[in-house]
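Have a look at the structure below, then the notes.
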Amino acid sequence: MNADWFPCASVAKSLTYPALPMDDRTRQLTYSSDQPIHSKRKDRFSRAVFAQRIADTAASRSDPSSIVIGLYGPWGCGKTSTLNLVEEALDDHSNVVVVRFNPWLYGSEERQLRGFFDTLAAALGRSLPTKAEEIGDLLQDYGRLLLLASFSVAGVGLPNPSDALPRIGDPLAGVKLDELKQQIEEVLEQAGKRVMVLIDDIDRLERAEIQAIFKLVKLSASFASTSYVLSFDDEMVASSLGERYAQAGHEAGRDYLAKIIQVPLHLPPFDAIELRQVVFDGIAGALRQSRIELAEEEVNAFARHFIEGLEPRLATARHAKLYINSVTFALPLLEEEAHPVDLLLMEGIRIFYPKLYLAIRENAELFLSGGRNSDQNTESTQRRRIADLLRESAPDITPEQCASLRRDLLESLFPRELLDAVRAKRALVGRAGRRAWPWRGEQPNDEGSEQYGRLEPGERRRAEGTSGEDVLDDNLRRMQGIHGET
């Protein structure tokens, strides 16, 4: 792979960094934010185009009837960012009043319903200042009646029934929901406004709260000239809704969603090349912050092993940022104890294959022993055991992916067939510290340099100072330590 794909190569060759004390470096570290974007200028994954189409289609409808759009995707796929971009795109439509509602802030069904109509009244009041008082009163009255009706149907008394409906004898007591609804729609029609309600974080709610928000949408989504965009993980929400229906389960939850969501839209997957570049940019930044330089061959080795071994598990920008932040934290702490490429790959295993990482920790001898001097039966048994651990720790990957993970990543970190060769070369290359080796810009001076140079970067690291087993065992223990593991 061309090193230009990975910016560290040019950084390593062109920059030198002044030495800083460890505490100064750690204080200067910056981490990758997991905050959603709010502007298309920061869009790296073409979400803005998708969001623009949603906004234009919903805002330009000639049909005044209500519509509910579902924005589906797993956690970390950029749903909130996309919803923010929809809101930004709606700025181009002066006839649209955008209402952002986050049910996570409210909790119970009663608080959700009150909060929703308060939020709706505030948004419409800002857009229609001359009608603010009128529309506010209408929506508050509608919400109170709807709340009373909702609890009455459920056979549950309100905590404060006097808050839901005026005292007996008040003229409002005889006004029906349909009449209030008609008055609200007339205000919107006269003003030439459409309402777009954006609701996020539904999949973060407790089961009862998820059911409450969909009940709220079902009860309130009949307003004319009103559209909803609901953002959530459809698999998670369908399972939560399905728990109400015992044996019917997930499919019943799907059927329930189908009754509410009229236009289901699945968020497009991330572009794999762009997601890879996010990781490479982040790793380059982490290395710069830690004043660590990599030789071009090490850059290429990391890029190759990442693409072949770790990238298949890189599904979202959140995964990428989690990995970048983990590396940013670990590099300055372990710079003198673990080789950076080993550390980058091991942190990748910890983030992308957490069960495999635990299996390596708990079976260190299995990964760190063996080699040409091993008994054939022992070697065969160990390989079978490693294969079993791979299947157990990553049951969701195919046999081909499992073979690739072992071949392209684990055998680089734990080259069983080369451990004896590494031990032999240790006597030739001496016990110089890591800074005296080629990846730090220097060459060993003894006759071992030629043999050393024939090794792949992964094996070179293990020829340093101690045996391959000792180096990796040390690194593994230290990496466990900084993550609070015992």
- prompt: Is it fair to say Arg318 is farther than 22 Å from Tyr357 by Cα and either basic (Lys, Arg) or part of a loop (DSSP other than H, G, I, E, B) (or both)?
  reply: no
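Only one of Leu310, Leu345, Leu322 is modelled with pLDDT of 90 or more, surrounded by fewer than 19 Cβ atoms within 10 Å (Cβ to Cβ) and within 20 Å of the chain's Cα centre (by Cα). Can you tell me which?
Values: Leu310 fails: surrounded by fewer than 19 Cβ atoms within 10 Å (Cβ to Cβ); Leu345 fails: surrounded by fewer than 19 Cβ atoms within 10 Å (Cβ to Cβ).
Residue meeting the stated conditions: Leu322.
Report whether or not Asp63 is under 30 Å from Arg276 (Cβ atoms), out of contact with any strand residue (DSSP E or B) (no Cβ under 8 Å at 6 or more places or on another chain) and not basic (Lys, Arg). Spell out the reasoning first.
Working: under 30 Å from Arg276 (Cβ atoms): no; out of contact with any strand residue (DSSP E or B) (no Cβ under 8 Å at 6 or more places or on another chain): yes; not basic (Lys, Arg): yes.
Taking the combined requirement at face value, the residue does not satisfy it.
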Would it be correct to say that Ile397 is assigned to a loop (DSSP other than H, G, I, E, B), of a type in the set (Val, Ile, Thr), more than 25 Å from Glu297 (Cα to Cα) and modelled with pLDDT of 80 or more?
-> yes
The correct count of residues that are touching a helix residue (DSSP H, G or I) at 6+ places or on another chain (Cβ under 7 Å) and not in a loop (DSSP other than H, G, I, E, B) in the stretch 281-306 is 17
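The values are calculated or read from the model by the stated rules, or taken from the named source; none is laboratory data. What you see is a predicted model, and the numbers here were worked out from it, not measured in a lab. Note that each Cβ is placed from the backbone with ideal geometry, even for glycine, and that neighbours are counted across all protein chains shown.
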